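Single-structure report; data block below.
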Amino acid sequence: MKLTILGATGSIGVSTLDVVARHPDRFEVVALSGHRQVEVLAAQCSKFRPSCAVVGSGEDAKRLAALLKKTGTPTEVLHGEQALIQIASLPEVDAVMAAIVGAAGLQPTLAAASAGKRILLANKEALVMAGAVFMGAVRRAGALLLPIDSEHNAVFQSMPHNYAGDMTRGGVRRVLLTASGGPFRCTPLEQLLGVTPEQAVAHPNWSMGRKISVDSATMMNKGLEVIEAHWLFNAPADRIEVVIHPQSVIHSLVDYEDGSVLAQLGNPDMRTPIAHALAWPERIDSGVAALDLCAIGQLNFERPDLERFPCLELAYRALRAEGNAAAVLNAANEIAVSAFLDGYLPFPGIGDLIAATLDVVPQASVSDLDGVLEADRQGRDVATALLKRLGKPSG
Ligand code: NAD
Ligand code: MG
C-alpha cells in the first residue's frame, strides 16, 4: 500500500511511521509533510525515501533540500498549501494519513476525500468544521474513511459488521465515548484560574501534541469527538454520551437494543488504532504491548461535571445548532488554546471565549467549502476581537 502522511513530524505522524517501519513489505511511503520541523522531516526522508516532502515555507524548503543533499536523499521538496493538496491526491497513492493539527488540515484532507483515497482520519478538526461537505465528498468519490481517533476507532470496531450509517437498523441504542478527564479532573475548581500551560499539556495517560493536550484538559477534545462521532456514524447528539473513565483502557463502547454493550480495550497507545486502520480489514503487529488487566486492577467510571468542563456542553450546543456553529466553535477554540499556551488567556477563559464567540457570530447555513472557510474566518475574527477583553491585561 502506497502512503502519503500529512503531518508526519507530529505525534500521530511519528507513531504512523513507527508502525510502517515494522512492515516494509506491506507499506511504501510516497510523500511526507511537516510544517516547520525540518530536521525531523529530513531524517524521516532519509529513512523512508519518499518521492516527495512538503514544508510550510520556501525558506524551510531550501533548508530541507540542503539537508537532503548532504545525505544523498533523492526526495523532491515542495512547499505551501497547494503542495499538501497535491500529495494528498497523487494518483499512485492508495491511503492518506490525515494528521495535520487543526483547521490547516481541512483542505488537504478534503482533497484526499475527493480523490477517493483510503483516508486514515486523525485530523478531527476537519470533520468538525466541514462535516456535511466532507462526508458528501467521501460519498461522491467512494473514499474509504477510517477513524484514527482512539474513541472512534473503538466505536468502528464495536459497530455492527458493514454498518452503513443507520443506528436503528443496526440495533444500536447509543454510542458511549470514554474520556480520561485529563489532568484537571480532580483539581479544585478555584485553582483552575492559575493552572499553567505546562500543567495542562501533561496528560495522565496519552502523549500527544500540545493543542490536543490542552483540548483534553478542557474536555473540548471530547466535545470535538462528539461532533466527529455524529458525522462518522450518523449518530444524533442525544444518542452520543460521554463517560469519564480515568484509566483510558476502554477506548469507547456501543450500546445495543438488546442490552449488549461492545467495547474495544487496549493500552493507551495510538499505534493500535493506526495499525488497525492501515491494515483493515486485516490485523498487523503495532508494537503495542499486550494488555495486562490484572496489573491495571480496576476500571472506574463517572459522569462528566459540566461546571468543570463547560467546553463539552458548548460542543453539544454547536452540534445541535447545525450550520456554521461547529466551524465557529472550532475556530474560537483554536484561537483560545493558542492564547492560553502563549500565557495570554487564563485556563477558564478558554470556555468563556468560545461561548462568547458563539453568542456573537450569526447563525448561517453552510453548503460548500467556501461557507466553511467563511465560518472559520468569522469565528477567528470574533474570537480575536473578544480576546482583547478576556485576556490578561498585562499580555
Ligand atoms: P502535533 O502537534 O504533534 O503534530 C501536528 C502536525 O501537523 C505536525 O507534523 C506539524 O508539522 C503539522 N502542522 C502544524 N501546523 C501546520 C500547518 N499550519 N500547516 C501544515 N501542517 C501543519 O499534533 P498531533 O498530536 O499529532 O495531532 C494531529 C491530529 O491528530 C490532530 O488533529 C489531533 O486532534 C489528532 N489526534 C491526535 C492524537 C494523539 O494522540 N496525538 C489522538 C487522536 C487524534
Ligand atoms: Mg480521542
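The values are calculated or read from the model by the stated rules, or taken from the named source; none is laboratory data. Note that this is a predicted model, so its numbers are computed, not measured. Heads up, the Cβs are rebuilt from the backbone with ideal geometry, glycines too, and the neighbour counts pull from every protein chain shown. Ligands, DNA and RNA are excluded from the accessible area calculation, which covers all protein heavy atoms including side chains. Shrake-Rupley method; radii C 1.70, N 1.55, O 1.52, S 1.80 Å.
A few comments on the model shown:
- Net lengthening on full extension, Val40/Asp18 (0.36 nm per residue, minus Cα-Cα): 6.5 nm
- Segment Ala295..Leu193, full-extension length gain: 33.2 nm, with 0.36 nm per residue of separation and the alpha-carbon distance subtracted.
- Global form of the stretch 61-199, assessed from the alpha-carbon gyration tensor, a/c cut-off 1.5: oblate
- Solvent-accessible area, 1.4 Å probe, carbon plus sulfur percent, for the chain: 52
- Average accessible surface for the stretch 155-269: 40 Å² per residue, computed with a 1.4 Å probe over protein heavy atoms with every protein chain in place.
- Each of Phe347, Ala331, Gln378 was placed along the dipole of the stretch 322-390 (beta-carbon charges, centred on the mean Cα), and the one lying farthest toward the positive end is Phe347.
- At a probe radius of 1.4 angstrom, the accessible area of the stretch 49-110 per residue rounds to 46 square angstrom.
- Cα gyration tensor shape for the chain, rounded if a/c is under 1.5, else prolate or oblate: rounded
- In the stretch 1-107, the GluC sites (Glu not before Pro) that fall in loop regions by DSSP, at most 15 other Cβ within 10 Å: Glu92
- Under 25 Å from Lys47, Cα to Cα: lysines that are on another chain or at least 8 residues apart: Lys2, Lys62, Lys69, Lys70, Lys117
- Among 345-354, 222-231, 280-289, sorting by the average number of other beta carbon atoms lying within 10 angstrom of each residue, highest first, gives 222-231, 345-354, 280-289.
- Prolate/oblate/rounded label for the stretch 138-178 (Cα gyration tensor, a/c 1.5): oblate
- Set of lysines with alpha-carbon distance to Lys222 below 22 Å, sequence-local pairs under 8 removed: Lys124, Lys211
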